[in-house]
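Here the structure comes first, spelled out in structure tokens, and everything after it is commentary.
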Amino acid sequence: MSREDCNTLLAYVRTCVKAAMERVTVPSLLDPSQPLLEKKATFVTLRTEGDLRGCIGQLDAIDPLWKSARDMSIAAACKDYRFPPLKPEDPFQIEISILSPPELISKEDIIVGKHGLIVEAHGKRGVLLPHVATEYKWNETTFLEKTIQKANLPKSIIKSSELTLKAFQTFLITEL
């Protein structure tokens, strides 16, 4: 993606978050470039002074990039159950993670800093982005355990054939 497309997407997401905070209609992106029209899965992370303030995403590439980023940014600002909704006076910084399609992976092939993880078992799913592991200085085992914990699965599931493990990579666009 070009620097211009990245800047356009960041500016648009900022507009979307502000509109959501002010409870006004979120505008469509006018005349998006071809890369912004491609169907992509995204996560939008909002931070305030470096602290997580909201993070919502979708794993399936069902919408054009600009629409996915719009919807995830609104959800991160107002619907992340871990945080109260952002208010118009709240400062925030934006990270947009554009995901590659997930692929099955073995525990031994996890690479911290490269892979994001998806774990699934018993109808539960946990997801962590690649930069989470590096941010917390986790090794491969801790990264997998934390993803399992996020899925609210027992640690012992790591040895079960019922555990499905997938990896993805991200292209990160950030204001930070």
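The values are calculated or read from the model by the stated rules, or taken from the named source; none is laboratory data. Just so it is clear, the model here is predicted, and its values are computed rather than measured. Don't worry about glycine lacking a Cβ; one is built from the backbone with ideal geometry, like all the others, and counts go over all protein chains shown. Keep in mind that these areas ignore ligands, DNA and RNA; they rest on the heavy atoms of the full protein, side chains included. Shrake-Rupley method; radii C 1.70, N 1.55, O 1.52, S 1.80 Å.
Restricted to strands (runs of 3 or more DSSP E) entirely inside the stretch 53-142, those with at least 1 residues that are within 18 Å of Glu175 (Cβ to Cβ) are 93-99. Picking from residues in the stretch 43-78 that are touching a Lys or Arg at 6+ places or on another chain (Cβ under 6 Å) and of a type in the set (D, E, K, R), the one that is most open to solvent (accessible area, probe 1.4 Å) is Arg53. Can you tell me which residue is least open to solvent (accessible area, probe 1.4 Å) among those in the stretch 9-42 that are of a type in the set (Asp, Glu) and on the phi < 0 side of the Ramachandran plot? Selected residue: Glu38. Pairing each residue of the stretch 128-145 that is within 19 Å of Cys55 (Cβ to Cβ) and modelled with pLDDT of 95 or more with any residue that is in a helix (DSSP H, G or I) and of a type in the set (Phe, Trp, Tyr), provided the two are 6+ apart or on different chains, yields C-beta distances under 6 Å for Ala133/Phe143. Residue pairs whose Cβ atoms lie under 8 Å apart, sitting 6 or more positions apart in sequence or on different chains, and linking a residue in the stretch 153-171 that is under 30 Å from Asp5 (Cβ atoms) and hydroxyl-bearing (Ser, Thr, Tyr) to a partner that is assigned to a loop (DSSP other than H, G, I, E, B) and open to solvent by 30 Å² or more (accessible area, probe 1.4 Å), are Thr170/Ser100.
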